[in-house]
1. Using amide H atoms built in the peptide plane, which far-off residues or other-chain residues are under 5 Å from Cys63 H to H?
2. So for the stretch 44-98, what are the equivalent ellipsoid semi-axes in whole Å, largest first, each being the square root of 5 times an eigenvalue of the Cα gyration tensor?
3. Please state, to two decimals, what the Cα-based radius of gyration of the chain comes to when divided by 2.2 N^0.38 Å (N = residues).
4. Hey, what do the phi angles of the stretch 87-94 turn into as Karplus ³J(HN,Hα) couplings, whole Hz, using 6.51/-1.76/1.60 and θ = phi - 60°, x for Gly and Pro?
5. Roughly speaking, what is the stretch gain from His93 to Glu9, that is 0.36 nm per residue apart minus the C-alpha to C-alpha distance, in nm to one decimal?
6. Rounded to the nearest 500 deg cm²/dmol, what is the calculated helix-only ellipticity per residue at 222 nm for the chain, with -39500 (n - 2.57) per DSSP H run of length n ≥ 4?
7. Could you give the size of the charge dipole of the stretch 6-58 about its Cα centre, using +1 on the Cβ of each K and R and -1 on the Cβ of each D and E, expressed in debye and rounded to the nearest 20?
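Each value in this text was obtained by applying a stated rule to the coordinates, not by laboratory testing. Note that the structure is predicted; figures quoted are calculated from it, not measured. Using ideal geometry, Cβ is built from the backbone for each residue, glycine included, and neighbour counts are taken over all protein chains shown.
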Amino acid sequence: MHDATDWLEHLRRAIAADPRGVTGVAERLGYSRPAISRVLSGTYGDTRKIAAAVMGELVSIDCPYLGTAITAAQCRGYALRSYPAITALEVPHWRACRRCPHNRRKRS
């Protein structure tokens, strides 16, 4: 579980790493540059939605099946797929995802 302020540190690191800075990260998150600047200065107000966007789009998860880092949003996308929505080639990944410790979906 992440600390409540971890998302802000992830946001700052992403901005430092992005060649376009705040503008590039804001676009990735689907927010305006001024909104992200206000978050950084502490004047935005309720930041829960932005925090969720940061955790979903900027935080990496090591996928045991793929053997690489993916975003939390990508992980969630794999985890929420239904069996009828996948191809035969995707079945091993689907099965691995059902057992994965990163999968928060309730397993039956």
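1. Excluding prolines and chain starts, which carry no amide H, the hits are Thr68, Ala69, Ile70.
2. With the √(5λ) rule applied to the stretch 44-98, the semi-axes are 27, 13, 6 Å.
3. 1.24
4. Per residue, the Karplus-derived 3J(HN,Hα) values read 8, 4, 5, 8, 4, x, 5, 4 Hz.
5. 27.1 nm
6. Calculated from helices alone, the mean residue ellipticity at 222 nm is -15000 deg cm²/dmol.
7. Magnitude of the dipole: close to 120 debye.
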